[in-house]
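Step one of this worksheet: look at the structure below.
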Amino acid sequence: MYPLNLIKSFIRVSIQQDVSYRANFWINLLHSLLNLTVAILAVMILFGQIKTLNGWDLSATLGLVGVYLTVSAFRGLFIGPSLEALVGLGQEIWSGQFDFTLLRPLNTQFLVTFRIWRPYALLDLLLGIVVITYAVALNPLVIHWLQWIHFFIAMIAAVVTLYAILLAFSALVFWSPGFLFTWVFDSIFQLARYPISIYPPVIKVLLTWIIPIAVITTIPAQALSGQSSLSAALIALGFAAILFLFASWIFQKGIKRYHSASS
């Protein structure tokens, strides 16, 4: 229970810091609504011209957008803020403050993962759930409870995969402090807004096996629309677990290369 109590403390401190600036709520709400509007508008314009997109109809594509927004919300809730505090410009690796993180009597990976929370990301999470709900309502087929199980397993795999990729990219900074690898991933992650099947073969391979964007958005959306089976969700979960272990190993190797910027 000690890790859970620590996470509760991290959340409480983060909320106290964020709510002290009331204008942040309206700024974050506007940002969330703009993201939602742009994502939905692009899909609606596209399907105003066509009926299907490589086998994806309007409801399935909206479901994918909802998955993208939901997974992005989890990133904004704790994964992104915590890792950015570690490897962002002027942050711990650059300033030498990482020394104090290493000295704390906690697992370093646990600490850099859960220490900072952004409660306003719950707005994005709510909007993502609303889009998924609307996509399900548009689907002429009734979604069986087994499909919901497939979907939730695939969503767990998606969040774990996203975390593992960001952790691995963050760890690469220990080898090359002058290069922000997570910024590269941010550009690639924009491709997750659309089904993986619409991209050329080379891009498909890149987004499936090298930087597995397909695991993050396409597979959960397929599970939601009934286009995939339980085995696909379980394979995605197994893949996410392996990727998590690999990213953790890279992070631990990176820590051993760290030399204090203050020394």
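Quick note: the coordinates plus some simple rules give every number you see, no bench work behind them. Everything numeric here is computed off the predicted structure, so don't read it as measured data. Glycine also receives a Cβ, built like all others from the backbone with ideal geometry; neighbour counts cover every protein chain displayed.
The ranking of Glu92, Glu84 from fewest to most other beta carbons within 10 Å of each one's beta carbon is Glu84, Glu92.
Approximating the spin labels as points 7 Å out from Cα along Cα→Cβ, the Ile188-to-Phe152 distance works out to 3.1 nm.
Counted residue by residue at 0.36 nm each, then reduced by the alpha carbon distance between them, the extension gain from Arg104 to Gln16 reaches 29.4 nm.
Span-like helix criteria (full DSSP H runs; alpha carbon extent of at least 18 Å along the helix axis; mean Kyte-Doolittle hydropathy of at least 1.0) are satisfied in the chain by 23-47, 58-74, 121-138, 145-171, 230-257. Projected label points at Ile45 and Leu245, each 7 Å from Cα along the beta carbon direction, are separated by 4.5 nanometres. Listed values for segment 204-220 are Karplus-derived 3J(HN,Hα) couplings in whole Hz (6.51 cos²θ - 1.76 cosθ + 1.60, θ = phi - 60°), namely 4, 4, 4, 7, 10, 10, 9, 10, x, 4, 4, 5, 6, 10, 5, 5, x, and x replaces Gly and Pro. Neighbour counting of Cβ atoms within 10 Å sorts the residues Phe181, Phe78, Phe246, fewest neighbours leading, into Phe246, Phe181, Phe78. Rg and Dmax of the chain, based on Cα coordinates, read 19.3, 64 Å. Enumerate the amide H contacts of Trp56 below 5 Å, restricted to partners 5 or more residues apart or on another chain; note that Pro and chain-start residues carry no placed amide H. Long-range HN contacts for Trp56: none found. Computed extension length for Val130-Val142: 2.6 nm, one decimal, from 0.36 nm per residue of separation with the Cα-Cα distance subtracted.
Net charge dipole, the chain: roughly 280 debye, given to the nearest 20, about the Cα centre with Cβ charges of +1 for Lys and Arg and -1 for Asp and Glu. Positive end of the dipole of segment 2-257, charges at C-beta (+1 Lys, Arg; -1 Asp, Glu), about the Cα centre: which of Val43, Leu234, Leu207 has its Cα farthest in that direction? Going by the Cα projections, it comes out as Leu234. Using alpha carbons only, the radius of gyration of segment 2-124 set against its Kirkwood radius gives Rg/Rh = 1.11. Here segment 205-263 is treated as a Stokes sphere of Kirkwood radius computed over C-alpha pairs; at 37 °C and 0.692 mPa s its diffusion coefficient rounds to 242 µm²/s.
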